[in-house]
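The values are calculated or read from the model by the stated rules, or taken from the named source; none is laboratory data. In this text the structure is predicted, and so the values were computed from the model without any measurement. Cβ placement follows ideal geometry from the backbone for every residue including glycine, while neighbour counts extend to all protein chains displayed. For accessibility, only protein heavy atoms count, side chains too; no ligands or nucleic acids. Shrake-Rupley method; radii C 1.70, N 1.55, O 1.52, S 1.80 Å.
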Amino acid sequence: MCLGPLGMAVAIGWVSYGEPANQPLELGISRAHPNGIVLHWSAQKGCAYSLQKSEEPLSNRWHDWLQFAPAGEDLPVTTPLDTASRQAFFRLADRGWAVSGIVRDEQGPVAGAVVRVQGTTNASFTDETGRFVLAGLSEHGRHTISAWKHLNYCAKVESVSAGTRDIPIILRRYQTHDNPRYRWIAPTGEGSCMSCKADLTKQWLENDAHAGAANNPRFLTMYNGTDTQGQRSPLTQYVNSLEYGRIPLAPDPIHPYYGPGYRLDFPQSSGNCAACHLPGAALDAPYGTDPNLASGADRFGVHCDFCHKVAEVILEPSSNLPFPNRPGVMSMDVRRPFPEDPERYQLFFGSFDDDNVPEEDAKLPLLSESRFCAPCHFGVFWNVTVYNSYGEWLSSPYSRPQTGRTCQECHMPSPSVYRGQTITNIAPGKGGIARNPETIHAHTFPGAASSELLRNAVSLQVSAIRRNSSIEVTVRITNDKTGHHVPSDSPLRQMILLVNARDDAGSALPQLDGARVPDWGGKGEVALGNYAGQPGKAFAKVLEELWTEVSPSGAYWNPTRLVSDNRLAAFATDESCYRFIDRGQSATAVEVKLLFRRAYKALMNQKGWTVPDIIMAETNLVVPP
């Protein structure tokens, strides 16, 4: 193989390659430059080689379209750069090493569209005239060539053989309006998500709390003011104040009480809870949707069809957060399609730009961005920020594009595995194609119910020494694995740190110094999870109801104030020290355990919730005599 410079301007070059010797092949060659750039086209590998690397871009046009690889590394060929080199690559297409074509929409050629050999990383962009060339195709077999640009459905042309020229691909815009008459598709049943994407839908149903957002017993009992047996607390009583107007009273202890409830405080209103918990139902009535009346697809809470029709989220420009008092669907632009329109009868947003159902599917970059999660993971009520996992992420190093991680990278990891099998085709036998499993994101959405996620949320370090007739224990907890505060979102959630020291007989050593778990850690038998007064501490955002002074409170639909917030921000560390009596020369066992609890113990007792604590981290040490 002979290599070398092939022209001092934009040129068609010739080179001796392979057998028979000295057989000329036409090449698309680079532009001349003082530092010298030579691209060698390999017909066998279907790619270009960079033989020399310039430290400067040849021109803005070259720099925009090509990234030169180090010498000898494969460099995928992208869009040709000018008329001469484009014609050269078309000649390559004639020889069966590439395909060429043009992407148009109803207004003419489309620049900047992604064109791809479907299911591969072999992709290019259209130039300003809508033209494209895809090199590196196998000479054997036929290929599907796809195209996509933002605001358009995916498009494709099937059964394309290498060497085909002037392939026409037509893009269609999806609708810019929403159709309130559209009927949501349920995840299960005839004509459902399960019908085509069975494994991915089952994975979602079996793992994701979004699927149970409408019928979550904690949500419904807090909304209705009942316990899990349906027993209801008395309606809230009020007094009138000349200065402040109508003021709620704290619950009367002489009556049975089953915890707070939105409908106890506002019996004539449905509230805006459904804006996040049943967004499909609340879309047209965010303040008038009763979660108890969920039907159809909305029984599945935040269901597939809804999420895959969110076209944009609405954020306040200066803060990049949703506007206050606009939770959930009130901060979303949703596009329900028009089934009676044969050109736009369905619309599903996804993460592929080469989807196999171009009549229905469109790529939406937003689905891979954290801001997609913002409307339901940021909430301000009565001027108090209650939910804020998105804002916490936004203010952390995790939001930095170059070094951070998105919500989806942690909560929708890839590859997607269902019952031990890696998913490589999301719709087998229903039009789906085999894909790189790293491009298929899991729909498990691990969160506050995931033991695996919680056990990989923070790091725990413990040291213990014997000094001055006491056992000194130092505990460091670092939030080094989570992109927001721990715990986050619901103000009911908490972490409880328990620190114990025992002698060689197993008896607990009395605590001399150090923090203790607050009263809201639960009063009563320790064996039943009541840890108030035990050595350790707790982490939570503690709210107090403004008028009744009930604290801690999860009834943030009433005016509240922030009492304290000692949760761990991303990369923050908490260090606490404890001293215990040293009873002599025996070895001392130190036990440190960090628990995650879904709600305050008193509230769980009132509601009849039986959600067990999850061990996030634990360490056992022995201090020698």
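Which numbered condition in (1) touching a helix residue (DSSP H, G or I) at 6+ places or on another chain (Cβ under 8 Å); (2) surrounded by fewer than 17 Cβ atoms within 10 Å (Cβ to Cβ) is the only one that Asp252 fails?
Of the numbered conditions (1) touching a helix residue (DSSP H, G or I) at 6+ places or on another chain (Cβ under 8 Å); (2) surrounded by fewer than 17 Cβ atoms within 10 Å (Cβ to Cβ), the odd one out for Asp252 is (1).
Where the second residue is surrounded by 15 or more Cβ atoms within 10 Å (Cβ to Cβ) and in a loop (DSSP other than H, G, I, E, B) and the first is without any contact (Cβ under 8 Å) to a residue 60 or more places away in the chain and lies in segment 172-190, which pairs have Cβ atoms under 6 Å and are six or more apart or on separate chains?
As it stands, the answer is none, since no pair meets every condition given.
Being over 21 Å from Val473 (Cβ atoms) and open to solvent by 30 Å² or more (accessible area, probe 1.4 Å), is that true of even one residue in segment 503-520?
yes
Scan the strands (runs of 3 or more DSSP E) fully inside segment 297-365 and keep the ones with 3 or more residues being within 25 Å of Cys273 (Cβ to Cβ).
In segment 297-365, 310-313, 332-334 are the strands (runs of 3 or more DSSP E) which contain 3 or more residues that are within 25 Å of Cys273 (Cβ to Cβ).
On the given criteria, is Arg183 among the charged types (D, E, K, R), open to solvent by 80 Å² or more (accessible area, probe 1.4 Å) and at negative phi?
Spelling it out, Arg183 is indeed among the charged types (D, E, K, R), open to solvent by 80 Å² or more (accessible area, probe 1.4 Å) and at negative phi.
Which of the residues belonging to segment 351-374 are within 13 Å of the chain's Cα centre (by Cα) and either at pLDDT below 95 or surrounded by 18 or more Cβ atoms within 10 Å (Cβ to Cβ) (or both)?
Ser370, Arg371, Phe372, Ala374
Would you mention how many residues in segment 375-394 are in contact (Cβ under 8 Å) with a residue 24 or more places away in the chain, among the hydroxyl-bearing types (Ser, Thr, Tyr) and either open to solvent by 40 Å² or more (accessible area, probe 1.4 Å) or more than 20 Å from Val302 (Cα to Cα) (or both)?
First pass over segment 375-394, keeping only residues in contact (Cβ under 8 Å) with a residue 24 or more places away in the chain: 375-384, 386-394.
Of the ones still in play, those that are also among the hydroxyl-bearing types (Ser, Thr, Tyr) are 387, 389-390.
Now drop any that are not either open to solvent by 40 Å² or more (accessible area, probe 1.4 Å) or more than 20 Å from Val302 (Cα to Cα) (or both), which leaves 387.
Within segment 375-394, residues that are in contact (Cβ under 8 Å) with a residue 24 or more places away in the chain, among the hydroxyl-bearing types (Ser, Thr, Tyr) and either open to solvent by 40 Å² or more (accessible area, probe 1.4 Å) or more than 20 Å from Val302 (Cα to Cα) (or both) number 1.
Does segment 395-414 hold any residues that are buried (at least 16 other Cβ atoms within 10 Å of the Cβ) and outside any loop (DSSP other than H, G, I, E, B), and which are they?
Result: Tyr398, Ser399, Cys407, Gln408, Cys410, His411.
Any chance segment 152-163 includes a residue that's under 20 Å from Phe352 (Cβ atoms), at pLDDT 95 or above and aromatic (Phe, Trp, Tyr)?
yes
Consider segment 151-164. How many of its residues are open to solvent by 60 Å² or more (accessible area, probe 1.4 Å) and either part of a strand (DSSP E or B) or in contact with an Asp or Glu (Cβ under 7 Å, 6 or more places away or on another chain) (or both)?
Residues flagged as open to solvent by 60 Å² or more (accessible area, probe 1.4 Å) and either part of a strand (DSSP E or B) or in contact with an Asp or Glu (Cβ under 7 Å, 6 or more places away or on another chain) (or both) within segment 151-164 amount to 2.
Could you list, in sequence order, all residues of segment 125-150 that are more than 25 Å from Asn425 (Cβ to Cβ) and either open to solvent by less than 10 Å² (accessible area, probe 1.4 Å) or assigned to a strand (DSSP E or B) (or both)?
Those that are more than 25 Å from Asn425 (Cβ to Cβ) and either open to solvent by less than 10 Å² (accessible area, probe 1.4 Å) or assigned to a strand (DSSP E or B) (or both): Phe125, Thr126, Asp127, Gly130, Arg131, Phe132, Val133, Ala135.
Mind listing just one residue for me: the one in segment 261-275 that is open to solvent by 40 Å² or more (accessible area, probe 1.4 Å) and in contact (Cβ under 8 Å) with a residue 40 or more places away in the chain and, of those, farthest from the chain's Cα centre (by Cα)?
Phe266
Of the residues Ala538, Ala587, Ala569, which is among the hydrophobic types (A, V, I, L, M, F, W, C), in contact with a His (Cβ under 6 Å, 6 or more places away or on another chain), open to solvent by less than 40 Å² (accessible area, probe 1.4 Å) and farther than 23 Å from Ser233 by Cβ?
Just a single option satisfies the conditions, and that option is Ala569.
Scan segment 306-320 residue by residue and report those that are of a type outside the set (Lys, Arg) and crowded, with 21+ Cβ neighbours inside 10 Å.
Answer for segment 306-320, where residues must be of a type outside the set (Lys, Arg) and crowded, with 21+ Cβ neighbours inside 10 Å: just Phe306.
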